[in-house]
1. For the chain, what log10 I(q)/I(0) values come out of the Debye formula at q = 0.09, 0.10, 0.14, 0.15 1/Å, with one point per alpha carbon and no solvent?
2. Starting from the Cα gyration tensor of segment 145-254, multiply each eigenvalue by 5, take the square root, and state the resulting semi-axes largest first in whole Å.
3. Let me make sure I get this right: for segment 192-250, a, b and c are the square roots of the gyration tensor eigenvalues over alpha carbons, sorted descending. Under 1.5 in a/c it's rounded, otherwise prolate if a/b > b/c, else oblate. Which is it?
4. When ligands, DNA and RNA are left out and all protein chains stay put, how many square angstrom of accessible area per residue does the chain have with a 1.4 Å probe?
5. So for SER71, SER298, what's the accessible-area order with a 1.4 Å probe, most first?
6. How do 154-163, 356-365, 87-96, 7-16 rank on mean C-beta neighbours within 10 Å, highest first?
7. Quick one: what Rg and Dmax do you get for segment 173-221 from the alpha carbons, in Å?
8. So if R0 is 56 Å, what FRET efficiency would THR382 and ARG147 give, r being the distance between their Cβ atoms, rounded to the nearest 0.05?
Amino acid sequence: MRRRTIWETSLSSAEREALSPGRPDDLDHTPDVLVVGGGIVGLTIATACRQAGLGRVVVLEQEQRLASAASGGNAGAIAPDMHRLTDGPEFVAFGRAAREVYRRWDAEWDGALGLWPTRWLNLFPPGTEPRVTRQGPGAVATDEFTRLDAAAVRDLEPDVRMPEGGTALLVDGQLGVNPLRAAAALATRGGARVATGVRLQSVTVRGDRIAGVRTTAGDFTAGAVVFATGLVPPPWDEGVAQRWVKGHMVAVAPGPWRLGSVLAGPLGGGTPLADGSVVCGGTFDEGDESPEVRPEISDGLARDLATVLPAAGNAAVAARWCCFRPYVAGRQPVVDRLPGTAGGWFAGGHFTTGVMMAAATGTAVAEWIVTGHAPRLVETFTWPARA
């Protein structure tokens, strides 16, 4: 049984309806662009295609609700600058591009995406501060961060415990979002026709064209077909090293603390929400294929939060949930043509960064369809090597 996320509790009735549109009676079976997958990546692709003037766009989602998998079960972070600590420059640039697209759409839609500004406070015990990353040999990842001493941390976050002898790094200018609110906005403002409860059954390929897509709602033919299915779908999945990785999340109820920064680092942390709740997670539960929530894991995240926010030591748990994130070997998204096709694309494997990367993924795919050439920002997000 699926557990409710913290994000569901703050949705309006209109947003809930937008997430579960069902199957329209007049669903277009010959669109200009067909997007298979109604998570945040599929919805941004559809929105970008419409804004690029690509005509009629249809999105098909197999579940009864949009963003029902990893898209709706994450922490809602759009924080590309944080990836200076872990990822290469092309990854950071892609995330920064996505952040700007989100800002533009939110402004165009009178704040319907619901973005809010965030700053991240990274706390490291002695000897654990990351210094060398995939930016290149010997690169220092902290040059864009503000280094804080213990007194500065107390001034910024009086209720946060700074590890004795540790390091604090601050990065500002990031964003947060309720991913379900964002999905609802994309579904209603993006201009595509969206259907839920439609399951993919098979794909017919003739030559280099996708001749047909068979679903439980009938057969579709389209000028361009984009699979935003998380993992590579058949028949293209043969030999691709990929898997779903389960992760737990927890939200603690508001308590007797003040917290204005997202707390991060090896000791634990969480994202403060406007109502005082804090979202913590997620874990990497390799080998656990059960959809059930394991409270002993999710509650451990709440205990870790208390390590850096002691006042949360007795905090009540407001929600526990888990989701499965799509991992394709290499831990970069794959945004590329489907092998052997001229009119088919795959955009997936975003792992824990689907929400953050989605807007740039959408605009890149739309540009590729329009121009016939891979945009520079996705030149490294190529098809995975086959086993």
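The values are calculated or read from the model by the stated rules, or taken from the named source; none is laboratory data. This one's a predicted model, so the numbers in the text were calculated from it and none came from an experiment. Cβ placement follows ideal geometry from the backbone for every residue including glycine, while neighbour counts extend to all protein chains displayed. Calculation scope for accessible area: heavy atoms of the full protein, side chains included, ligands and nucleic acids excluded. Shrake-Rupley method; radii C 1.70, N 1.55, O 1.52, S 1.80 Å.
1. The Debye formula, applied to the Cα set alone, gives -0.52, -0.64, -1.22, -1.38.
2. Ellipsoid half-lengths, sorted descending, are 47, 19, 14 Å.
3. It comes out oblate by the Cα gyration axes.
4. Here the residues of the chain average 41 Å² of exposed surface.
5. Reading off the accessible areas and sorting them downward yields SER71, SER298.
6. Details: 154-163: 16.8, 356-365: 29.3, 87-96: 19.4, 7-16: 14.7.
Packing proxy ranking, top to bottom: 356-365, 87-96, 154-163, 7-16.
7. 16.1, 48
8. 0.95
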